[in-house]
Amino acid sequence: MAKAQMPEQTSSSCSSTGCMKKWLLRLTVFYVLYLIYGWLDAIKNRWYVFDPPFLHELAKDAVATHPDNLDGMIQHIVTNLTDTYPASAGVIALNTDSSEWTFSNAGGAMGAMYIIHASITEYLIIFGTPLGTEGHTGLHPADDYFHILHGEQWAFKPGSLEMERYAPGDMHFLPRGTAKQYKMHEGCFALEYARGWIPLMLPFGLADTLTSTLDIPTFIRTARITGREIVNNLLIGKI
C-alpha cells in the first residue's frame, strides 16, 4: 500500500514545487515591470513638448481677442499652435481639422471634444457643451490643466465647504492622483491639457460609452482619432 501511494506523493510534491516556481516567476516579472515603469516615469519629462504657462497665456489671449466668439477662440489657438510648432519642424503632430468633434462621456459628464493633439505622454483638446454638465474628474496618472475659454466651471473636493469657481481666462489645475466633482455651466468650453501617461487615462474616457451609453459609433470614432494622432506622433519620434 505504501508503495502504491509514493507516486501520488511525488506528484503532489512536484506540483507544489511547480506552483512555487510559477509564482516566483510572476513576482519577478512584476518587479521588473515595476522597475521599468518607475524608470520611465522618472524620465517622462523629456518627452513633453507643450509648456503649461504658454498654453495658459494662449488661452487668455484667445479669450481677450475673441470675447464671446468660441469659434474665433478655437481658430486663434490652432493658428498659434501651428505657428509655434510647425509641421516642418517635426517636433509634434497637430490635428488642425477643427470640424472633427466627437461626443465624450466620462465620469458621468457628457460633452463634445476636438482632439488637437494626442501622444503617449500628452494630449490637448477643446472640451465643452452648450447645455451644461457635471460629473467626476477621474483619478489620473497625469497632471491636468483646464483653461476656461467660455462659460464657467465649478469644482469641489471632499473636505471643502466652499466651491471653486473658474471663469474665462482662469486655469483649473488638477494634480496627478487627485479627484474632484466638477460642473460646467451652460455654454462652458475649455482648452484641456494633460501630461503624463495618456493611455492609462483612456479606460476612464471610454468606460461610460461601453457600460452606459452603448454608443458604439462614438467609441469607434474616438478610438480611431486618438489612435491616429498617437501613431502620427510616434512616426516623428514624439512619445
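The values are calculated or read from the model by the stated rules, or taken from the named source; none is laboratory data. Computed from a predicted model, the values in this text were never measured in an experiment. Note: ideal-geometry Cβ built from the backbone for every residue, glycine included; neighbour counts use all protein chains shown. Accessible surface areas use protein heavy atoms only, side chains included; no ligands, DNA or RNA. Shrake-Rupley method; radii C 1.70, N 1.55, O 1.52, S 1.80 Å.
Details
- Region 202-223, residues that are within 29 Å of F54 (Cβ to Cβ) and either open to solvent by 50 Å² or more (accessible area, probe 1.4 Å) or not in a helix (DSSP H, G or I) (or both): L202, F204
- From the list T129, T121, the lone residue that is farther than 26 Å from P86 by Cβ, polar (S, T, N, Q) and open to solvent by less than 50 Å² (accessible area, probe 1.4 Å) is T129.
- Given (1) open to solvent by 60 Å² or more (accessible area, probe 1.4 Å); (2) in contact (Cβ under 8 Å) with a residue 24 or more places away in the chain; (3) within 15 Å of F103 (Cα to Cα), number of the condition L234 does not satisfy: (3)
- Number of the exception - A89 against (1) crowded, with 20+ Cβ neighbours inside 10 Å; (2) over 16 Å from the mean Cα position of the chain (by Cα): (1)
- Subset of region 55-69 that is among the small types (G, A, S) and either open to solvent by less than 70 Å² (accessible area, probe 1.4 Å) or at positive phi (or both) - its residue that is farthest from the chain's Cα centre (by Cα): A62
- For first residues located in region 170-191 and farther than 17 Å from N69 by Cβ and of a type in the set (G, A, S), partners that are in a loop (DSSP other than H, G, I, E, B) and open to solvent by 50 Å² or more (accessible area, probe 1.4 Å) and lie 6+ apart or on another chain with Cβ distances below 8 Å form the pairs G177/L139; A179/L139; A179/K157.
- For first residues located in region 144-168 and under 18 Å from L55 (Cα atoms) and aliphatic (A, V, I, L, M), partners that are open to solvent by 30 Å² or more (accessible area, probe 1.4 Å) and assigned to a strand (DSSP E or B) and lie 6+ apart or on another chain with Cβ distances below 8 Å form the pairs I148/Y166; I148/M171.
- In this structure, T178 does not qualify as of a type in the set (S, T, N, Q), more than 16 Å from the chain's Cα centre (by Cα) and open to solvent by less than 60 Å² (accessible area, probe 1.4 Å).
- Scanning region 189-201 finds one or more residues that are touching a Pro at 6+ places or on another chain (Cβ under 7 Å) and open to solvent by 50 Å² or more (accessible area, probe 1.4 Å).
- Scanning region 127-168 for residues that are touching a helix residue (DSSP H, G or I) at 6+ places or on another chain (Cβ under 6 Å) and within 24 Å of T65 (Cα to Cα) yields Y145, H147, L149, H150, P168.
- Any pair with Cβ under 6 angstrom, 6 or more apart, that starts in region 42-54 at a residue that is closer than 14 Å to S119 by Cα and ends at one that is open to solvent by 40 Å² or more (accessible area, probe 1.4 Å) and part of a helix (DSSP H, G or I): none
- Of the residues I125, I92, I77, I120, the single one that is modelled with pLDDT of 95 or more, in contact with a Phe, Trp or Tyr (Cβ under 7 Å, 6 or more places away or on another chain), closer than 28 Å to T178 by Cβ and outside any strand (DSSP E or B) is I92.
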